[in-house]
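The values are calculated or read from the model by the stated rules, or taken from the named source; none is laboratory data. A quick note: this is a predicted structure, and the numbers were derived from the prediction, not measured. Here the Cβ is made from the backbone with ideal geometry for all residues, glycine too, and neighbour counts use every protein chain on show. Areas reflect the complete protein model, heavy atoms only, side chains present, ligands, DNA and RNA absent. Shrake-Rupley method; radii C 1.70, N 1.55, O 1.52, S 1.80 Å.
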Amino acid sequence: MSLETATALREWFLVLPVLALLFVPGLGPAWVFSRKSGLSLPWALSLAFSWSVAWCSLLAMGAFLLHLQLDVVIWGFALAVPVSLALIWRDVRANGVPSTMDRGLPGLATAAVAWVVAAVQGPWWFGTSDNFFHIAASRSLIATGRPIVTDPFFGLESRIPDSTAGMWNTVQAVIARLVFMDIAFVYRALTAASAFAVALAFWVLLREISGRDFPATIATVAYFVAAWYTDLRAFAYPNKVSIALAFITIALTLRVVSDPRAKWVVATAAAGLSTLAVHLASGQIQLLCMAGICVSVGALSLVRKDAEERRGARRAVLLVIASIGLMILPALPTLFARVMALKGSLVLGEDSFIWAADQIKSGPFGMRFVEPGGFDFGGPLLFWLTLALAVFAIVYAVRTGSRRAAAAVPLMCTAHVITLFPLVSTPWLLASSYMLARMVELFRFSPFLAIAFALGTLELDSMRRLARVLGWVLLAAALVVSLPYTLSTYVQGEGTVRRGAIWSVAEARERDMRKAYGYAEIAQMRRLLGNSYPTVASDPDSAYHLMGLVPVAVVPSLPTHTPVFIDRGDVAARTSDMNEFFEAGTSRARRAEILDHYDADYVFFRRYISGYQTRDELLADPEMYEVLVRNDDIMLMRVDKELARERAKDLGSASENAPAQPEAP
């Protein structure tokens with residue numbers, strides 16, 4: 001059996017255990033809560049996932065503040081598994097399986113399909129995908145014992161939580177340790193489990209909005225087809241999996257609105273904490289939606305004449321505000337540090353989202369806004385149809401007093417407000433067009449939520465027909481618009497290529513970097529390096545891939561995939577130094593000086609990038625470079641650090657003793 005086949009079998013073997021490990025720690029409390037609240041099985045599983053992540057996040061944040069190690073988080077997460085199972089066993093013995101758990105089978109089936117599709121597609125192993133970044137970030141935790149990512153791959157002693165990483169990296173590290181596998185083997189299973197969680201949580205949210213299974217199911221399927229083009233290869237990334245946590249938090253907020261009781265506030269706060277801990281953009285979406293719900297339901301209380309309705313709406317608003325406070329409070333110490341770490345980073349500024357600068361329009365008095373449907377929302381047709389259904393929801397809420405319908409309004413049109421309303425969009429674009437674009441991309445769920453609302457909620461005879469027609473038109477438009485993009489997911493060179501996903505599933509699999517480096521060579525490097533977590537000098541592209549395949553720190557990385565705490569000048573210097581190191585003709589002394597400056601333990605070379613001449617120059621210096629792993633393309637070489645230090649000193653001495661150059665006239 002080839003190593004490639006053995007690797008694939010190992011990855012597939014982990015698909016089910018990893019799914020269980022992600023859900024079981026929170027399943028006990030979720031099961032008991034769901035039985036007492038009359039919730040369905042999809043509800044229980046979605047709560048279980050969010051509470052598992054919340055528990056791991058609390059453990060990690062506590063360990064970080066108390067200067068404890070990752071082992072504390074691993075033990076706490078592992079012990080939650082038997083405790084959770086014991087809770088379920090005791091509850092079932094005492095109360096039996098509640099009949100409500102039989103509901104929601106279409107949601108489970110939809111999530112199961114997403115799980116299988118994601119497992120078959122597997123994660124990205126090619127190009128500059130975030131896959132390598134997040135694997136490296138999780139590796140840094142396993143290697144250093146830190147509970148929170150502070151430096152994903154440079155091997156520095158930073159104590160500032162990294163803004164581009166989050167608690168999902170801690171969850172990944174914990175799962176890898178619990179299954180006793182290198183995290184690269186776990187990533188297919190993490191991708192599949194994340195797709196399952198997103199599909200299930202979105203179905204639960206749509207079921208709350210529509211009140212029926214059919215609209216929730218058809219809109220969930222449409223969401224995966226028309227918003228993600230059935231391309232689930234990136235779903236293990238924090239910005240994707242965190243949207244599942246945001247969905248379940250928003251669904252719980254709808255429960256607070258319709259049934260304003262303390263138990264929903266606590267459940268919402270626990271789920272919301274997990275979103276804030278995992279990803280800043282999804283946390284912003286969650287908070288924006290919850291704030292919008294407060295405004296919308298509060299406005300409804302002003303227009304309704306019934307005193308009881310007004311008191312209920314105001315109580316609901318106060319409880320939503322309370323849940324926001326409860327979710328932010330425990331996350332505040334690390335959340336504040338992650339937000340402050342963004343200062344001076346590449347994600348700030350109006351020009352930070354360079355791919356869509358032409359979509360930013362100027363108005364009078366220096367106002368800025370985004371063209372309707374821009375920033376990957378889905379185009380103007382989906383934009384305006386969604387807004388039209390939001391107007392229907394407003395009318396429906398005013399005429400019926402439905403707090404649920406009022407709460408649905410900001411879920412449909414928040415993206416419209418933050419991109420098209422100049423008083424909001426201008427400061428946001430000036431602060432960070434990148435962050436705004438990332439949020440709009442995640443808000444692509446809005447049209448499908450509007451579809452579910454139109455097909456399931458509206459019951460007024462005078463409005464039903466037009467709203468249903470608009471819902472079906474929006475569904476058809478979304479599917480038609482998505483067809484060329486979906487085609488590019490599976491057929492290379494056909495359809496419309498998407499930014500960041502120019503390779504089809506089959507083509508990316510053929511270009512897998514593990515094939516390029518060699519499965520045997522990767523395994524050999526892992527055995528040689530063990531848990532030493534050395535610093536490796538390489539060109540930026542190769543370094544970026546290597547840190548995702550092997551447990552190493554690297555000297556450079558790609559500028560677009562660099563921790564925000566690193567100064568831009570340092571990023572440029574690292575890249576420049578490595579380019580000089582691998583440039584043919586660079587002197588031995590200068591190469592030694594570069595290696596000594598970054599305290600590099602190894603050099604990783606790719607002939608495909610650096611060429612034959614540089615390879616021959618390195619091989620011609622065996623005193624400095626000991627070749628450990630080699631094939632036709634790659635070489636891993638151990639550096640004689642003492643010799644590098646001596647040569648660097650000699651070069652420095654020569655520079656100091658060199659005669660001064662006369663000034664130019």
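Might you let me know whether segment 64-82 holds any residue that is farther than 23 Å from Val179 by Cα, open to solvent by less than 30 Å² (accessible area, probe 1.4 Å) and part of a helix (DSSP H, G or I)?
Yes, segment 64-82 contains at least one residue that is farther than 23 Å from Val179 by Cα, open to solvent by less than 30 Å² (accessible area, probe 1.4 Å) and part of a helix (DSSP H, G or I).
Quick check: is even one residue across segment 541-552 surrounded by 14 or more Cβ atoms within 10 Å (Cβ to Cβ) and more than 26 Å from Glu4 (Cβ to Cβ)? Can you show your working first?
Of the residues in segment 541-552, the ones surrounded by 14 or more Cβ atoms within 10 Å (Cβ to Cβ) are 541-552.
Checking the rest, the ones that are also more than 26 Å from Glu4 (Cβ to Cβ) come to none.
No, every residue in segment 541-552 fails to be surrounded by 14 or more Cβ atoms within 10 Å (Cβ to Cβ) and more than 26 Å from Glu4 (Cβ to Cβ).
So is Ala478 modelled with pLDDT under 90, touching a Gly at 6+ places or on another chain (Cβ under 8 Å) and in a helix (DSSP H, G or I) or not? Quick ask: steps written out before the conclusion?
Values: modelled with pLDDT under 90: yes; touching a Gly at 6+ places or on another chain (Cβ under 8 Å): yes; in a helix (DSSP H, G or I): yes.
Taking the combined requirement at face value, the residue satisfies it.
Let me confirm something: among Arg188, Arg159, Arg177, which residue is of a type in the set (Lys, Arg) and assigned to a loop (DSSP other than H, G, I, E, B)?
Matching residue, one of Arg188, Arg159, Arg177: Arg159.
Quick check on this structure: which one of Ala20, Ala44, Ala60 is closer than 23 Å to Thr253 by Cβ and under 24 Å from the mean Cα position of the chain (by Cα)?
Numbers: Ala20 fails: closer than 23 Å to Thr253 by Cβ; Ala60 fails: closer than 23 Å to Thr253 by Cβ.
Every option except Ala44 fails the conditions.
What is the one condition in (1) open to solvent by less than 20 Å² (accessible area, probe 1.4 Å); (2) under 24 Å from Ser46 (Cα atoms); (3) hydrophobic (A, V, I, L, M, F, W, C) that Leu105 does not satisfy?
All conditions pass for Leu105, except number (1).
Just to verify a result, which residue in segment 419-458, among those that are of a type in the set (Val, Ile, Thr) and over 27 Å from Leu200 (Cβ atoms), is surrounded by the most Cβ atoms within 10 Å (Cβ to Cβ)?
In the first step, residues of segment 419-458 are kept if they are of a type in the set (Val, Ile, Thr); the result is 419, 424, 426, 440, 451, 457.
Okay, now just the ones that are also over 27 Å from Leu200 (Cβ atoms), so 419, 424, 426.
Numbers: Thr419: 28, Val424: 15, Thr426: 18.
Within segment 419-458, the match that is surrounded by the most Cβ atoms within 10 Å (Cβ to Cβ) is Thr419.
Scanning segment 595-625 for residues that are in a strand (DSSP E or B) and of a type in the set (Ser, Thr, Tyr), which turns out surrounded by the most Cβ atoms within 10 Å (Cβ to Cβ)?
Pass one, segment 595-625, residues in a strand (DSSP E or B): 602-606, 625.
Imposing the further condition that a residue be of a type in the set (Ser, Thr, Tyr) reduces the set to 602, 625.
Working: Tyr602: 26, Tyr625: 24.
Looking at residues that are in a strand (DSSP E or B) and of a type in the set (Ser, Thr, Tyr), I get Tyr602.
Okay, residues lined up against (1) modelled with pLDDT under 90; (2) in contact with a Lys or Arg (Cβ under 8 Å, 6 or more places away or on another chain):
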| position | (1), (2) |
| --- | --- |
| Asn579 | no, no |
| Arg590 | no, no |
| Asp596 | no, yes |
| Asp632 | yes, yes |
| Glu646 | yes, no |
| Ser655 | yes, no |
| Pro659 | yes, no |
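Under 7 Å by Cβ, and 6 or more places apart or on different chains, what pairs join a residue from segment 358-384 that is under 11 Å from Ala415 (Cα atoms) and β-branched (Val, Ile, Thr) with one that is buried (at least 21 other Cβ atoms within 10 Å of the Cβ) and at pLDDT 80 or above?
Pairs found: Val370/Thr419.
So which residues in segment 490-506 are open to solvent by 70 Å² or more (accessible area, probe 1.4 Å) and closer than 15 Å to Phe126 by Cα? Quick ask: steps written out before the conclusion?
Of segment 490-506, the ones open to solvent by 70 Å² or more (accessible area, probe 1.4 Å) are 490, 492, 494, 497, 499-500, 502.
Of everything in segment 490-506, those that are open to solvent by 70 Å² or more (accessible area, probe 1.4 Å) and closer than 15 Å to Phe126 by Cα turn out to be Gln492, Arg499, Gly500, Ile502.
For a quick check of your reading of the model, give me the residue pairs whose first member lies in segment 136-152 and is free of Cβ contacts under 8 Å to residues at least 40 places away in the same chain and crowded, with 24+ Cβ neighbours inside 10 Å, whose second is in a helix (DSSP H, G or I) and of a type in the set (Val, Ile, Thr), with beta-carbon atoms closer than 8 Å and at least 6 apart or on different chains.
Close Cβ pairs (under 8 Å, with a partner that is in a helix (DSSP H, G or I) and of a type in the set (Val, Ile, Thr)) amount to Val149/Thr170.
Only residues that are surrounded by fewer than 17 Cβ atoms within 10 Å (Cβ to Cβ) and within 30 Å of Arg304 (Cα to Cα): list them for segment 361-387, please.
Trp384
Could you check segment 243-301 and list, in sequence order, the residues that are crowded, with 24+ Cβ neighbours inside 10 Å and aromatic (Phe, Trp, Tyr)?
Passing the criteria: only Phe247.
Kindly indicate whether Ala592 is among the aliphatic types (A, V, I, L, M) and either touching a Gly at 6+ places or on another chain (Cβ under 7 Å) or in a loop (DSSP other than H, G, I, E, B) (or both). Before you say what the answer is, go through the steps one by one.
Numbers: among the aliphatic types (A, V, I, L, M): yes; either touching a Gly at 6+ places or on another chain (Cβ under 7 Å) or in a loop (DSSP other than H, G, I, E, B) (or both): no.
No; evaluated as a whole, the condition is false for this residue.
Out of all the residues in segment 567-588, which are in a helix (DSSP H, G or I), over 31 Å from the mean Cα position of the chain (by Cα) and surrounded by fewer than 16 Cβ atoms within 10 Å (Cβ to Cβ)?
The answer is Glu580, and nothing else.
Taking only pairs six or more apart or across chains, which ones have beta-carbon atoms under 7 Å, a first residue in segment 472-498 that is touching a residue at least 12 places away in the same chain (Cβ under 8 Å), and a second residue that is among the hydroxyl-bearing types (Ser, Thr, Tyr) and surrounded by fewer than 16 Cβ atoms within 10 Å (Cβ to Cβ)?
Filtered contacts from segment 472-498: Pro484/Thr496; Tyr485/Thr496; Ser488/Thr496.
So, of the residues in segment 121-132 that are open to solvent by 10 Å² or more (accessible area, probe 1.4 Å) and in contact with a Leu (Cβ under 9 Å, 6 or more places away or on another chain), which turns out to be modelled with the lowest pLDDT? Walk me through it before giving the result.
From segment 121-132, those open to solvent by 10 Å² or more (accessible area, probe 1.4 Å) are 121, 123-130; that's our starting set.
Now drop any that are not in contact with a Leu (Cβ under 9 Å, 6 or more places away or on another chain), which leaves 121, 123, 125, 128.
Working: Gln121: 94, Pro123: 92, Trp125: 90, Thr128: 80.
Among those residues, the one meeting the criterion is Thr128.
Got a sec? Which of His561, His545 is over 30 Å from Leu483 (Cα atoms), modelled with pLDDT of 90 or more and under 22 Å from the mean Cα position of the chain (by Cα)?
On the way: His561 fails: modelled with pLDDT of 90 or more.
The match here is His545.
Would segment 204-212 turn up any residue that is at pLDDT 95 or above, among the β-branched types (Val, Ile, Thr) and either part of a helix (DSSP H, G or I) or open to solvent by 10 Å² or more (accessible area, probe 1.4 Å) (or both)?
yes
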